[in-house]
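Structure record follows, encoded as structure tokens.
The values are calculated or read from the model by the stated rules, or taken from the named source; none is laboratory data. The structure displayed is predicted, hence computed values, not measured ones. Backbone-built Cβ (ideal geometry, glycine too); neighbour counts: all protein chains shown. Remember, those area values only see protein heavy atoms, side chains included, never the ligands or the DNA or RNA. Shrake-Rupley method; radii C 1.70, N 1.55, O 1.52, S 1.80 Å.
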Amino acid sequence: MTTNSTTHYDTLQVPPTASFAQIKLSFHRLARLRHPDKAAHSNLHGDTENNSTYYCKTVPSFIEIQTAWEVLRDPVRRSKYDDTLHVKKYFQSLDQHNIVRLSDMTCEVCVIESD
């Protein structure tokens, strides 16, 4: 389920402004739904009546949920993660406006010989 544009916030189905309590609540809800021991006993797999085949494809895997929780539950790791998201968003906006980044430029050195 995780793609380059999916964030840990998307995985836990919370906004980036979510409080710790909101993140924790969402993690526990999703973990109960997707935990291998719990999901095996639920009616999530193959129940076409409730469209749960679609549900299984749209809800992140337990590992993705656990990974997102590990980052977002720790204030220091969450802050670093948020910084990374801001940088990615900034560079994506540059790409959308066809702005040349310094890293894309090459430098050719010309040496002028004097007599």
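Listing for the model above:
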quantity: Sole residue being at pLDDT below 75 and in a helix (DSSP H, G or I), chosen from Lys80, Lys57; calculated: Lys57
quantity: In the stretch 76-90, the residues that are open to solvent by 90 Å² or more (accessible area, probe 1.4 Å) and in contact with a helix residue (DSSP H, G or I) (Cβ under 7 Å, 6 or more places away or on another chain); calculated: Arg77
quantity: Meets criteria (exposed (fewer than 10 other Cβ atoms within 10 Å of the Cβ), among the acidic types (Asp, Glu) and either within 19 Å of Leu12 (Cα to Cα) or at pLDDT below 65 (or both)) for Asp115; calculated: yes
quantity: Selection count where residues are modelled with pLDDT of 90 or more and acidic (Asp, Glu), scope the stretch 83-109; calculated: 1
quantity: Residue satisfying all of: in the stretch 1-21; open to solvent by less than 90 Å² (accessible area, probe 1.4 Å) and at pLDDT below 80; farthest from Thr67 (Cα to Cα) among these; calculated: Thr3
quantity: Scan of the stretch 22-40 for residues that are part of a helix (DSSP H, G or I) and either open to solvent by 70 Å² or more (accessible area, probe 1.4 Å) or touching a strand residue (DSSP E or B) at 6+ places or on another chain (Cβ under 9 Å) (or both), ordered by number; calculated: Gln22, Lys24, Leu25, His28, Arg29, Arg32, Pro36, Asp37, Lys38
